[in-house]
Amino acid sequence: GAKTAVEHFEKVRDLSEVIGFVRGVTSAENNIDIAMAECGGCNNDVSNEKYLEKRQQLYKQSVATFGEMAQPTVEAGLNLATALHNVRRVVEAGRLVTKLATTCKRVH
């Protein structure tokens, strides 16, 4: 089920982090989001905080690797905004989304 999927994608994410494959990490994170949405029981406040920390690290790494205007960075930023929202840091999430939208408008 969804819980098994979360465990699988967490392993994919961890392996991608080890080899420095940022797009693989982003993809795994997106799949974790989908699986977590399907299993309400596997998403609690403790896992949300850990998840937020990983998202913050991934966003910083993506900015350093690709720059603020690159697609992987925007994806990582949106994932971070979702994580912020999940831990009830809605204002911070909104500010990040606004910043990302401004970046997207500038690039495209």
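Helix 71-86: angle to the longest alpha-carbon principal axis of the chain, degrees 0 to 90, nearest 10? Compared with the principal axis, the helix lies near 60 degrees.
For region 45-90, which trypsin sites (Lys or Arg not before Pro) are both in a DSSP coil and crowded by at most 12 other Cβ atoms within 10 Å? List each step's numbers first, then the result.
Details: sites: Lys50, Lys54, Arg55, Lys60, Arg88, Arg89; in loops: Arg88, Arg89.
Passing sites in region 45-90 are Arg88.
Excluding ligands, DNA and RNA, the accessible surface per residue across the chain is 60 Å² with a 1.4 Å probe.
How large is the charge dipole for the chain, taken about the Cα centre, if only the Cβ atoms of Lys, Arg (+1) and Asp, Glu (-1) carry charge, to the nearest 20 debye? Display every interim value, and only then the final one.
Numbers: 14 positive and 13 negative charges, 82 e Å.
Charge dipole, the chain, about its Cα centre: 400 debye, nearest 20.
Which percent of the accessible heavy-atom area of the chain goes to carbon and sulfur, probe 1.4 angstrom? Here it works out to 56 percent.
Translational diffusion of region 1-97 was estimated from the Stokes-Einstein equation, with Rh taken as the Kirkwood radius over Cα pairs; at 10 °C and 1.306 mPa s the coefficient is 119 µm²/s.
Rounded to the nearest 500, the helix-only mean residue ellipticity at 222 nm of the chain stands at -28500 deg cm²/dmol, with each DSSP H run of n ≥ 4 adding -39,500 (n - 2.57). The alpha carbons of region 56-100 stretch over 29, 19, 11 Å along the principal axes, in descending order.
The values are calculated or read from the model by the stated rules, or taken from the named source; none is laboratory data. Just so you know, these numbers come straight off a predicted model, no measurement behind them. With ideal geometry, Cβ positions are generated from the backbone for all residues, glycine too; neighbour counts draw on all protein chains shown. The protein model used for the area step is the full one, side chains on, heavy atoms only, and it has no ligands, DNA or RNA in it. Shrake-Rupley method; radii C 1.70, N 1.55, O 1.52, S 1.80 Å.
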